[in-house]
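This report concerns only the one structure given below.
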Amino acid sequence: MIAAAGRDERRSWLWLLSLFSVAGLIEAAFWSQMVAFTPLFLRELGISGQGDIETLTGAIASISMLVGLPLLPFWGALADRYSRQPVIVRSFVAHFLAGGLAMLSGDVWVFLAARSISSFSLGNSGLMMTTLQERVPPGRTGLAFAVMAGASPLGAVFGPLVGGPIVDALGFRALMGIDAAVMLLVILGMTFGYRDTFRGTARGPLLGMAAESVRLVVRSPRLRLLFPALFLLFAGWMLAYTYTSLVVESLYRGDPDQLGTTIGWVFGAGGLVTLLLGPALGATADRFGHWRILFIVAAVAVVLWPLPALTSDLLTFTVLWAILNGVTSTVFSLSFNVLSSSALDEARGRVMTFAFLPVNVGFALGPALGSLVARTPIGLAAIYPVAGIVTAFGIGVLALAYRRPLAAPGNG
């Protein structure tokens, strides 16, 4: 009887929601730690020049993300051909290998390889959402997606807050070793914690199936513009996010042995505001329209972005960064709603496989731009006004996308 109860629990949507949410939280914590503490680790690897650290911080973030992006359509094709669960587990294996290699890194090139391996994890969130949607009772999908999507900002809070003291006391390598061990537990949980009843029926060349996934986006007049709009919106956010730890370091006047902890607290403050602001704005969007609130929140971000460049003390910067992170995180969460509503019913599942693509591309474009901006005479202060300019361009493209139909004539 106990065994039967256990099987029922593993089949329930609440159990699956909990499992996926915890996995997403740990993944976000790992990613945020990699971003937050990379500048500190670069010094440990022998990079001493401030300009070199600024350039490498952006270059490593961009290059490592670009490595895995071309394979994104193939993960969805493999899941459609065979099964989703192995493809989902694959993403956490990539994180496990990345953490282990980062721990062993002896130079920048090995560390770049470690960061690049992590990019082979792309594409898991859409598959988990699709699997969860099949098991959630009618009328509970919004709740389930909100809980699962909320795990990422919570992980972004949890990661630097916990990782900062570890980096200060034991070093970045120890943090990566702990992350690799935790990721191994996630792999076991995702492998044996639930049974995937989906079996792929799609046939044909994998290259053709992957290309068809891309064509689903290209054939839609709205999606053709919506994806670039979201790329730009997230590029501004990722540009600032990547360089925030360097800005904190430039403003910090305390004990050098507590710098990692301080960086963790600044990132944690941004995540805390996200947790408070996100549900409130999400409920407002449910009432007044997702597109309308998305435009308003993005416009507020454009106004706020230049303000951190005017600060000269860490406290003021932390407050402004926390507010900005909360606002831009809301843009991120609302993007799922407008993306889902912009896909035709028969193509929604395949389109949502690319749900995290805009933020992934933004994480490649933003730091690449930042590595150039940081070397200008203005320096790091220019990061935030440039983020505002990129966001403004994103709003313009978003307005064009909103006016486009979901499907071209004859394809509806």
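The values are calculated or read from the model by the stated rules, or taken from the named source; none is laboratory data. Keep in mind it's a predicted model, so treat the numbers as computed, not measured. Please note: Cβ atoms are built from the backbone with ideal geometry, for glycine as well, and neighbour counts cover all protein chains shown. The area values use the complete protein model at the heavy-atom level, side chains included, leaving out ligands, DNA and RNA. Shrake-Rupley method; radii C 1.70, N 1.55, O 1.52, S 1.80 Å.
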ask   = If the label point is 7 Å along Cα→Cβ of R43, which residues in region 143-174 have backbone nitrogen under 14 Å from it?
value = 167-169, 171-172
task = Net charge near M128: determine it from the other residues with C-beta under 13 Å of the C-beta of M128, scoring Lys and Arg +1 and Asp and Glu -1.
result = 0
key: Surface accessible to a 1.4 Å probe, per residue, for the residues of region 20-128, Å²   = 32
query = How would you order 323-331, 49-57, 216-224 from highest to lowest mean count of nearby Cβ atoms within 10 Å?
reply = 323-331, 216-224, 49-57
request  = At 7 Å along the Cα-to-beta-carbon direction for both L372 and L400, put a label point, then send me their distance in nm to one decimal.
outcome  = 1.9
inquiry  = Can you show me the helix-derived [θ] at 222 nm for the chain, built from DSSP H runs with n ≥ 4 at -39,500 (n - 2.57) apiece and divided by the number of residues, rounded to the nearest 500.
reply    = -27000 deg cm²/dmol
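Label region 131-191 by shape, choosing from rounded, prolate and oblate, from the square roots a ≥ b ≥ c of the eigenvalues of the Cα gyration tensor; if a/c is under 1.5 it is rounded, and otherwise prolate applies when a/b is larger than b/c, oblate when it is not.
Values: a/c = 6.55, a/b = 2.08, b/c = 3.15.
Because a/c hits 1.5 or more and a/b fails to exceed b/c, region 131-191 counts as oblate.
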inquiry  = What whole-number distance in Å separates the alpha-carbon centres of region 33-86 and region 372-390?
reply    = 21
ask   = Where in region 92-201 are there chymotrypsin sites (Phe, Trp or Tyr not before Pro) that are in a DSSP coil and have at most 16 other Cβ atoms within 10 angstrom of their Cβ?
value = F198
note = Rounded to the nearest 0.05, FRET efficiency between F74 and F198 (Cβ-Cβ, R0 22 Å) equals 0.80
